[in-house]
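The values are calculated or read from the model by the stated rules, or taken from the named source; none is laboratory data. Keep in mind that what you see is a predicted model, and the values were worked out from it rather than measured. Every residue, glycine as well, gets a Cβ built from its backbone with ideal geometry; the counts of neighbours run over all protein chains shown. Just the protein is used for accessible areas: all its heavy atoms, side chains included, with ligands, DNA and RNA removed. Shrake-Rupley method; radii C 1.70, N 1.55, O 1.52, S 1.80 Å.
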Amino acid sequence: MSGSSPTIQRRALSAELIRHRKEAGLTTEQVGAELDRSRGWLYGLENDKTKPNLATIRQLLDLYGVTDEDEREYVLGLARGSRVKGWWRDYEEEGIFRGPLAGLEAGAREIWTYDSVLVPGLLQTPDYAAAVFRGGQVLAEEADEADIARRVAARMERQKILRQESPPCLWAIIDEAALRKLVGGPEVMMAQLRFILEMAGWSNITMQVLPDAAGAHAAITGPFIFLHFPGNLHRSIVYLETATKSMYLEAEEDLETYTLTHSRAKASAASPEESIRYVASLMDELKQ
């Protein structure tokens, strides 16, 4: 269920611990001295670097003067939930995932994406994804097929959130260039376009094509994934990726900028109905 991701629970726990410490008027040094712990120990808890221990969380709540039973149980519930091992942890430990994106997606209520040269990962077929990974192995003399297969499996696991009982809503804006690029060859691309049409028919998925005719547009500076979470569990996050790094933006001004960027990109794109017809026309072109 959306919101139950241990990644989100752990990040929410960190935010709650920081809030209660500040409300108690204590510095990290003071807390460390009071509990005979290092500053680095508390930094780990407050920055999602350390697996929480329930006894330790209770100690902190006592120190911060949190006596309300509902509030204590809420924080302890976050601690319990954060200790669950998500399916993505093995992939993170192997280096398949460079950051917590999969765990964030698993807890999202809405996911907005814009992609300029590739079909978004949540809508890729296995063969398309494999072709992307082969093309991206710039440091390898030849493709490591075992590694590629593992990365494809991880990407397919990510997609399962769209088919779960309470799935997030995906709003995918795809640049026309991404749909015309023959990633993997005509047969692979034909199957990819067919899969996009199938997914676009689901009630929790909206797909729009941003045509070349739109010219310069609000999202032209690059792809992004914008994640929104249920209730007040966690503030929204914008995910950006380069060839070597992943970035997570949470500052209010960044969220406002990307909210406007997504809104204007939607306005520049073809309607969902027109987009479906366009993808179907691309399939006709490939058949010929």
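If you check every pair at least six apart or on different chains, which have Cβ atoms under 7 Å apart with a residue in the range 259-288 that is farther than 28 Å from Tyr239 by Cβ first and a residue that is open to solvent by less than 50 Å² (accessible area, probe 1.4 Å) and not polar (S, T, N, Q) second? Here the result reads Ala280/Leu197; Met283/Met190; Met283/Leu193; Leu286/Met189; Leu286/Met190, each pair linking the range 259-288 to a residue that is open to solvent by less than 50 Å² (accessible area, probe 1.4 Å) and not polar (S, T, N, Q). Being open to solvent by 50 Å² or more (accessible area, probe 1.4 Å) and either among the charged types (D, E, K, R) or not in a loop (DSSP other than H, G, I, E, B) (or both) is the filter here; which residues of the range 143-169 pass it? Hits for the range 143-169 are Asp144, Glu145, Ala146, Ala149, Arg150, Arg151, Glu157, Lys160, Arg163, Glu165, Cys169.
A single entry from Ala172, Ala178, Ala214 fulfils the requirement of being surrounded by 16 or more Cβ atoms within 10 Å (Cβ to Cβ), at pLDDT below 95 and not β-branched (Val, Ile, Thr): Ala214.
The residues listed here are Glu46, Glu23, Glu105, Glu71; of these, the one that is within 24 Å of the chain's Cα centre (by Cα) and open to solvent by 10 Å² or more (accessible area, probe 1.4 Å) is Glu46.
Take the range 213-239 and flag every residue that is of a type in the set (Gly, Ala, Ser) and over 30 Å from Val75 (Cα atoms). Walk me through how you get there before you give the answer.
So in the range 213-239, the residues of a type in the set (Gly, Ala, Ser) come out as 213-216, 218-219, 222, 231, 236.
Correct list: Ala213, Ala214, Gly215, Ala216, Ala218, Ala219, Gly222.
Looking at Ser281, Ser268, Ser246, just one residue is small (Gly, Ala, Ser), in contact with a Gly (Cβ under 6 Å, 6 or more places away or on another chain) and either surrounded by 12 or more Cβ atoms within 10 Å (Cβ to Cβ) or within 28 Å of Pro186 (Cα to Cα) (or both), and that residue is Ser246. Just to be sure, is Glu110 of a type outside the set (Val, Ile, Thr), open to solvent by less than 50 Å² (accessible area, probe 1.4 Å) and in contact with a strand residue (DSSP E or B) (Cβ under 9 Å, 6 or more places away or on another chain)? No; evaluated as a whole, the condition is false for this residue.
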